[in-house]
Amino acid sequence: MSESEEPNVVVTSERLQSVIEALSYASVDEFDSCLALLQRAGETKDEFSELETAFSIFVRELGEAKSELNRTVSQQEAINRELEAKLETIEMQQAAIRELSTPIIEVWASVLCLPVVGIVDSQRSAEMTETLLETIVSKQARMAIVDITGIDVMDTKTADHFIKMARAVRLLGAECIISGINPGIAQTLTHIGVDLTGIRTLRSLRDALQLYLRETEQLVVHQHSQLARKLSSEG
Amino acid sequence: MQAETRVYPIRERSNAIVAASQSRRLALAAGLPTRRAMELAIVVSELASNIVKHGVKGEIRITWDPDSPPHGELVVEAHDVGPPIHDLELAMTDGYDDRGPIDPALILRRRGLGTGLGAVARLCDRVEYRQEEGGKVVTARFFAR
């Protein structure tokens, strides 16, 4: 650079200081304070003020870009939160679906009911067996009613498995009644020649419950009379 | 009317349940009788359960093609990236997998009956199998009558 043709620009250290200060404001995202400083500094018009102006334009644009970015980021965060909530819902629903596929209800003291609805495939019938047998043991059930009123169609092997499930229940010392067999499944069962001896089947869940009540009635009467005797002997 | 395909990604058990119940609706909408729609749902359920159990991950594709002669057909395709089926005919035999009879204890451990593909073969009109790059496809066809 030639010293004679291009004169030096004289800048007071105060102006230089304020530009440095403005820069440090900008570096910590304090764009408003930065711009205010530059505006005050830019009152003198000379070559250095061009630099100040350019700097202030740059800072303004940077500020705008930054706030735009912040807006987008916060929007994105909101979307992410929403997605996470949805995922959580899906996970809960998946768990609910799994649970609902084998609901076992204790309909009466030591009487379990497994209402089967929907689509029964081989895996589901295997799961049902497992859950039913475990529940019979844990609840010390004396009777399990498997109600298949809600099932129109079953594969022959799956139907066969239901009968095996009934036998497994008997092995545990409980009784298994299959209720609500529809004509289609009745045909399926006889068609594949399943041995139905010892398997109690009833038309409806209601019939199954009535049967249980009739059978336990005697027992209950017996227990009541025992209790009455005990009370009277104590009294 | 154009052939319409629905895709259900299968990763876990609940996906299989959803795919099966949706396929039943699809079959009913296509005009299949109730009983047939239920059989289709069982097939979808078996195939989807197999994907969850053996196929690592995959998807069920259900296509209703009304123009397929004579009265249209519903095609269930089970795609997965698991190992190929060694011997399909053997695998379709109840109590067998693709290499031979399954040990009853193993059947219990697999939490199934070993009759899934057998059920598929019994309930649909035609089963096809092909290997693709990076996976396999089991196809079950239901002809509308």
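The values are calculated or read from the model by the stated rules, or taken from the named source; none is laboratory data. Remember, predicted model here, so these are calculated numbers, not experimental data. Glycine gets a Cβ as well: all are built from the backbone with ideal geometry, and neighbour counts include every protein chain shown.
Reported count of residues in the stretch B:1-34, each being farther than 22 Å from A:Met92 by Cβ and modelled with pLDDT of 90 or more, is 15. Among the criteria (1) surrounded by fewer than 19 Cβ atoms within 10 Å (Cβ to Cβ); (2) closer than 16 Å to B:Gln131 by Cα; (3) within 14 Å of chain A (Cβ to nearest Cβ), the one B:Pro84 does not fulfil is (3).
All of B:Gly134, B:Gly112, B:Gly95 fail the test of being at positive phi and within 13 Å of another protein chain (Cβ to nearest Cβ), apart from B:Gly95. Counting only strands (runs of 3 or more DSSP E) wholly contained in the stretch B:1-101, the ones carrying 1 or more residues that are closer than 15 Å to B:Phe143 by Cβ occupy B:58-65, B:73-80.
Has the stretch B:87-99 got at least one residue that is within 18 Å of B:Ile10 (Cβ to Cβ), surrounded by 15 or more Cβ atoms within 10 Å (Cβ to Cβ) and in contact (Cβ under 8 Å) with a residue 40 or more places away in the chain? No. Under the condition of being surrounded by 15 or more Cβ atoms within 10 Å (Cβ to Cβ), closer than 20 Å to A:Asp152 by Cα and of a type in the set (A, V, I, L, M), the residues counted in the stretch A:89-140 number 6. For the stretch B:30-53, give me each residue that is more than 9 Å from chain A (Cβ to nearest Cβ) and without any contact (Cβ under 8 Å) to a residue 12 or more places away in the chain. B:Pro33, the sole residue that qualifies.
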